[in-house]
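This report refers to the structure that appears directly beneath it.
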Amino acid sequence: MPMPSSIERFLGERGVRYETLTHRKAFTAQEEAAVAHVPGQAWAKTVVCLADGEPILAVLPALYNIDTERLERLSGARHVRLASEKELAPLFADCEPGAMPPFGCLYGRRVFVDQTLTIDQDIVFNAGTHVDAIRMSFADFSELVKPTIGDFGIRIQHQVV
């Protein structure tokens, strides 16, 4: 499945500069970062959460997990939880499951970005498939999406055995 035409049209109509990357099929954010030759800190994964029942997009580096209490405070919700695959499938019908881009404005969703992604000049993320990615400047992404930026990510600690 190529990058959905809805995403190409969305970016084209707004005149946003971006680069597409094609990589070997991968399913986790850390695997996608590795096969695309992008540092895990720079790969932005999109996680769908339900904030008081409202689907929202939480965007954070591949090497991070969500601190739901901090995301609750940032979003103004009383309760935030991860959406199930069954819950997110109808929200992103044009994308492969788990490969949605962080374009909340395309899907009518609020977007929350962990502040660590603002450090790098560029941001890289899924383009609707498990083999396509988009690289664009964070400034262009922010102007396009107008996310709420805050601190809700927790770096994953790898255990050495």
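Read the figures in this text as sums done on the coordinates, not as results from a lab. The shown structure was predicted, so the numbers you read here are calculated from the model rather than taken from an experiment. In this analysis, Cβ positions are derived from the backbone assuming ideal geometry, glycine residues included, and neighbour counts consider all displayed protein chains.
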Criterion (in contact (Cβ under 8 Å) with a residue 60 or more places away in the chain and either part of a strand (DSSP E or B) or of a type in the set (Gly, Ala, Ser) (or both)) met by exactly one of Ile149, Ile154: Ile154
Some residue of the range 65-82 being under 16 Å from Ala29 (Cβ atoms), within 13 Å of the chain's Cα centre (by Cα) and not polar (S, T, N, Q): yes
3 or more residues of a type in the set (A, V, I, L, M, F, W, C) and under 24 Å from Ala34 (Cβ atoms): qualifying helices (runs of 4 or more DSSP H) within the range 63-125: none
So Gly98, is it out of contact with any Leu (no Cβ under 6 Å at 6 or more places or on another chain), small (Gly, Ala, Ser) and touching a residue at least 40 places away in the same chain (Cβ under 8 Å): yes
Any pair with Cβ under 7 angstrom, 6 or more apart, that starts in the range 113-124 at a residue that is in contact (Cβ under 8 Å) with a residue 60 or more places away in the chain and ends at one that is surrounded by fewer than 17 Cβ atoms within 10 Å (Cβ to Cβ) and of a type in the set (S, T, N, Q): Asp122/Ser137
The range 8-57: number of residues that are in a helix (DSSP H, G or I) and touching a helix residue (DSSP H, G or I) at 6+ places or on another chain (Cβ under 9 Å): 2
Residue in the range 69-81 that is surrounded by 15 or more Cβ atoms within 10 Å (Cβ to Cβ), among the acidic types (Asp, Glu) and either farther than 18 Å from Pro147 by Cβ or touching a residue at least 24 places away in the same chain (Cβ under 8 Å) (or both) present: no
Any hit, the range 25-38, residues being of a type in the set (S, T, N, Q) and touching a Leu at 6+ places or on another chain (Cβ under 8 Å): yes
